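The values are calculated or read from the model by the stated rules, or taken from the named source; none is laboratory data. None of these values were measured; they are calculated from a predicted model. No Cβ is skipped: glycine too gets one built from the backbone with ideal geometry, and neighbour counts run over all protein chains shown. Heads up: the accessible areas ignore ligands, DNA and RNA and are worked out on the full protein's heavy atoms, side chains in. Shrake-Rupley method; radii C 1.70, N 1.55, O 1.52, S 1.80 Å.
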Amino acid sequence: MAKAKISDCPLCQTVGGVLLWQGPQFRVIDAADDAYPGFTRVIWTEHVVEMTDLSAQDQHALMQAVLLVESVQRKILQPHKINLAAFGNVVPHLHWHIIPRWNDDLHFPAPVWAATPQHDARAQAALEARQADIVARLPDYHFALQQALG
């Protein structure tokens, strides 16, 4: 069955990031956010806006994928916390953000979309070192995700 696409929806028209895995119901992408390496999205293929637009079975499949991404992030990237979000205010196409967070990341404890606070040179150096460490682990993270998703 062909999935509905909307011509002005960026998630209908593009992959939405670096494609890590694609199935018939959803895809998993790396958001390629330099400030938040490991920021991953699970994007429903068909253009729907809300979780309640899906059948109970599809809701379960989507949430299982979100939880699987969280689990792999915890194992490989070892963040202090993971943020899960499904806003759709800017792009009203059902997708979940799975964002690994560290207690010394750019915005912690605020949301990643908050105004960027000022950091002194020492904090900035620590942040850059942490980001480099995370970036070094991304290939293992991506591989583990692909293996877990099948």
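The table below gives the values:
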| quantity | calculated |
| --- | --- |
| Relative contact order computed over the range 39-150 (Cα-Cα under 8 Å; 6+ residues apart), in percent | 29 |
| Selection of chymotrypsin sites (Phe, Trp or Tyr not before Pro), the range 16-93, meeting DSSP coil and at most 11 other Cβ within 10 Å | PHE87 |
| Residue-count net charge about TYR36 - beta-carbon cut-off 15 Å; Lys, Arg +1, Asp, Glu -1 | -3 |
| Equivalent ellipsoid semi-axes - Cα gyration tensor, the range 74-128, angstrom | 24, 16, 7 |
| Check: the chain dipole with +1 on Lys, Arg Cβ and -1 on Asp, Glu Cβ, in debye | 240 |
| Along principal axes, Cα extents of the range 1-136, largest first, whole Å | 54, 31, 23 |
| Vicinal HN-Hα couplings computed from phi for the range 120-133 (Karplus, 6.51 cos²θ - 1.76 cosθ + 1.60; Hz; Gly/Pro x) | 6, 4, 5, 5, 5, 5, 5, 4, 5, 5, 4, 4, 5, 5 |
| Solvent-accessible area, 1.4 Å probe, carbon plus sulfur percent, for the chain | 55 |
| Accessible area expressed per residue, the range 89-150, with surrounding protein chains retained (probe 1.4 Å, Å²) | 58 |
| Under Karplus coefficients 6.51, -1.76 and 1.60, residue-wise ³J(HN,Hα) of the range 54-68 in Hz, glycine/proline x | 9, 5, 4, 5, 5, 4, 4, 4, 5, 5, 4, 5, 4, 5, 5 |
